[in-house]
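The values are calculated or read from the model by the stated rules, or taken from the named source; none is laboratory data. As the structure is a computational prediction, the values presented were derived from the model and not from experiment. Note: ideal-geometry Cβ built from the backbone for every residue, glycine included; neighbour counts use all protein chains shown.
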Amino acid sequence: MSMNQLLEIIRSFDGILELAPGEGSEFPEVAWGDHFFYYAPDGQVPQREQPYATIVTKDYPDDTHSDLNRDGRWRLNIHVGAAAFTELTGEEPRTTPAEPTDHTATNVVLPHPVYRAQGWVCIVVPDTDPHGQAVSLLRQAHHYARRRAERRDTASGSDHPA
C-alpha cells in the first residue's frame, strides 16, 4: 500500500482532524505536503494538545536522520508513550542508546530521531497493511488521544460529545 492508502485508513477514524498544509496556507513552507492528526470531533485543533501522529514527506532542518529527501521516502511518526516505546524498541525513551540507530531503515519501528524522549516512534515507508503493525499503532494512538479528550471534557464540564 501507498501513503495515500494509509491516509485513507487514518481518515476513516472517528473524530479525526487532519491538518495537511499546502502552498498558500498560513503554515510554514517546510510543513507543506505533510499531515498532522488529532482527535478533535468538533473540528477544532486542540489548544493544548500535540498531534498523536504525523506523516512527513521530507527532511526538516533539525531532522535529516531518515533521508526523506530521496524519492519515494516518507515517515510515519506516532506518539505511543513511554511504556509502549520501551516495549516496541527495547529502550527507555529518555536514555541515549549505546549504539546509534539507523533511522534510514524502512518498515521498522524505531525511536523517533528527535522526539524519542516524549515517547514517539517512527517508521520510514511502513508496510501499510490495514491489519499490520503501523495501522495497529495508529489505532492505539487514536484511542488514547480520544480518551485524553474525553477526560479533559469531563474535567472541564464540557457537554459536547467526544
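Here are the numbers for this structure:
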item	result
Cβ pairs under 6 Å, 6+ apart, first in segment 111-131 and in contact (Cβ under 8 Å) with a residue 40 or more places away in the chain, second of a type in the set (Ser, Thr, Tyr) and outside any loop (DSSP other than H, G, I, E, B)	VAL124/THR106; VAL125/THR106
Residue in segment 44-54 that is closer than 21 Å to HIS131 by Cβ, assigned to a loop (DSSP other than H, G, I, E, B) and not acidic (Asp, Glu) present	yes
Any hit, segment 34-50, residues being under 16 Å from LEU138 (Cα atoms), among the polar types (S, T, N, Q) and buried (at least 16 other Cβ atoms within 10 Å of the Cβ)	no
Tally, over segment 1-36, of residues that are out of contact with any His (no Cβ under 8 Å at 6 or more places or on another chain) and assigned to a strand (DSSP E or B)	3
Only one of HIS65, HIS35 that is at pLDDT 95 or above and more than 15 Å from the chain's Cα centre (by Cα)	HIS65
Total residues in segment 59-72, condition surrounded by fewer than 18 Cβ atoms within 10 Å (Cβ to Cβ) and outside any strand (DSSP E or B)	9
Close pairs from segment 26-44: first more than 29 Å from ASN69 (Cα to Cα), partner of a type in the set (D, E, K, R) and in a loop (DSSP other than H, G, I, E, B), Cβ under 8 Å, at least 6 apart	PRO41/ASP14
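Residue-by-condition table, conditions (1) in contact with a Phe, Trp or Tyr (Cβ under 9 Å, 6 or more places away or on another chain); (2) surrounded by 13 or more Cβ atoms within 10 Å (Cβ to Cβ):
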position: GLY90; (1), (2): no, no
position: THR96; (1), (2): no, no
position: LEU110; (1), (2): no, yes
position: ALA117; (1), (2): no, yes
position: VAL124; (1), (2): yes, yes
position: TYR144; (1), (2): yes, yes
position: ARG151; (1), (2): no, no
